[in-house]
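Here's the structure we're looking at; comments come further down.
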Amino acid sequence: MPAIFPRWTNNVPIVVGLVAPLGGASLIFAVWYWFSPWFTDVGYRPEQPVAYSHKLHAGELGIDCRYCHNTVEKAAHAAIPPAATCMNCHELVKTDSKRLEPVRESYKTGEAIPWVRVHQLPDYAYFNHSPHVAAGVGCASCHGRVDQMVVVEMKQPLSMGWCLDCHRDPKPNLRPLDQVTNMNWDASETPYDPDRDASRKRKVNPPTHCSGCHR
Ligand code: HEC
Ligand code: HEC
Ligand code: HEC
Ligand code: HEC
Ligand code: HEC
């Protein structure tokens, strides 16, 4: 009885077994190669629809980050404030400013101001602000001196290596729990040892295993 398949096909499962993972690996590489520079460009500073300045509001006026990003302690994402938050002041301040026209418009119509995102991780990576804030990692450690930025820009690469560098040795990035939003807090002026801080209930232990950040 002649064989239906030539003898060499006996090896197909072996070949598939060897090539498929390579194919998977090159797919991951392609995804990494084509998409990650977009997400990891330090210095990325998109133009925004309103000339809102953190340097003026968070720096000179000294408004706390949490006044606007009010979910950052409790949620994964730090909320971008609605126009109503701005209008708490701008109903009285600069009421005829042209630059505030889109804010007044959004307040009237309820349609969100189309702010352009600056920081954005790919979907396959999991990040949550609240445990970082609860552990006493300052906004400045990941976002830089936002209080000095007229236009927000990316200061850290948000790459896997960057996350892991801190997760392997978080201690130098920890500060007193009530200093998280203080842009002027400086470890070289105020030496701080988290192990001697009685307000901390436990030692921090950030994940370094894959499923910690890829769920
Ligand atoms: C008066 C309100 C207000 C305050 C106070 C404020 N922000 Fe913002 N923040 C905004 C708005 C509006 C945006 C979106 C527009 C932009 O990117 O500039 C934003 C954007 C950001 C972004 C970029 C978000 C993205 O798209 O990736 C970061 C990071 C940020 N703020 C951090 C901070 C920090 C840190 C502080 C405290 C030092 C702070 N903000 C204080 C209103 C505020
Ligand atoms: C451990 C690093 C880290 C710390 C600390 C941190 N952020 Fe972020 N922040 C990120 C990352 C990463 C993203 C992008 C998140 C994503 O794409 O899911 C981000 C995004 C944001 C955004 C855009 C909206 C969002 O949540 O995606 C705002 C606004 C923001 N951060 C404000 C703050 C403020 C205010 C603080 C301090 C209270 C803070 N961040 C502390 C890493 C950090
Ligand atoms: C706590 C009060 C307060 C809040 C909240 C606030 N602002 Fe302001 N804003 C001010 C003050 C004060 C000035 C400066 C006025 C001056 O130059 O004399 C200002 C100036 C501005 C200007 C410049 C206007 C011009 O014509 O020079 C813009 C734009 C602006 N704010 C946008 C925003 C946006 C967007 C928000 C909400 C995300 C916001 N502000 C929230 C107080 C506030
Ligand atoms: C500057 C230091 C620092 C950086 C940068 C940092 N982390 Fe963390 N991370 C921590 C600390 C501290 C904790 C808290 C651990 C604890 O409470 O035991 C933590 C906890 C976590 C947790 C566990 C809590 C949870 O939500 O389940 C995840 C997941 C996480 N980080 C993801 C990330 C990712 C993704 C990045 C990069 C985009 C990142 N982290 C960057 C310091 C950092
Ligand atoms: C602390 C959080 C964290 C841990 C732990 C982690 N990753 Fe990641 N990983 C990320 C982030 C954030 C990205 C997205 C990086 C980017 O956008 O450049 C990423 C990206 C990747 C990518 C896409 C390729 C690349 O490098 O951009 C692969 C594959 C990957 N991780 C595999 C793993 C494996 C395997 C492990 C366990 C050994 C692991 N990760 C552990 C945060 C983490």
Failed condition for residue 128, given (1) open to solvent by less than 40 Å² (accessible area, probe 1.4 Å); (2) under 21 Å from residue 201 (Cβ atoms); (3) more than 12 Å from the chain's Cα centre (by Cα); (4) within 10 Å of ligand 4 (Cβ to nearest atom): (3)
Evaluate region 132-146: report whether one residue or more is in a loop (DSSP other than H, G, I, E, B) and open to solvent by 70 Å² or more (accessible area, probe 1.4 Å). yes
Which pairs turn up if I take residues in region 159-179 that are open to solvent by 40 Å² or more (accessible area, probe 1.4 Å) and look for partners that are of a type in the set (Ser, Thr, Tyr) and within 7 Å of ligand 4 (Cβ to nearest atom) with beta carbon separation below 7 Å, at least 6 apart in sequence or on another chain? 173/141
Consider residue 151 against the criteria (1) open to solvent by less than 80 Å² (accessible area, probe 1.4 Å); (2) without any contact (Cβ under 8 Å) to a residue 12 or more places away in the chain; (3) in a loop (DSSP other than H, G, I, E, B); (4) not charged (D, E, K, R): it satisfies all of them except one. Which criterion is unmet? (2)
For region 63-97, which positions are in a loop (DSSP other than H, G, I, E, B), within 12 Å of ligand 1 (Cβ to nearest atom) and either open to solvent by 90 Å² or more (accessible area, probe 1.4 Å) or touching a residue at least 60 places away in the same chain (Cβ under 8 Å) (or both)? 64, 72, 77, 80
Criterion first (open to solvent by 50 Å² or more (accessible area, probe 1.4 Å) and modelled with pLDDT of 60 or more) does residue 44 satisfy it? yes
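The values are calculated or read from the model by the stated rules, or taken from the named source; none is laboratory data. All of these numbers come straight from a predicted model, not from anything done at the bench. Cβ coordinates were reconstructed from backbone atoms using ideal geometry, including for glycine residues, and neighbour counts include every protein chain displayed. Only protein heavy atoms, including side chains, enter the accessible area calculation; ligands, DNA and RNA are left aside. Shrake-Rupley method; radii C 1.70, N 1.55, O 1.52, S 1.80 Å.
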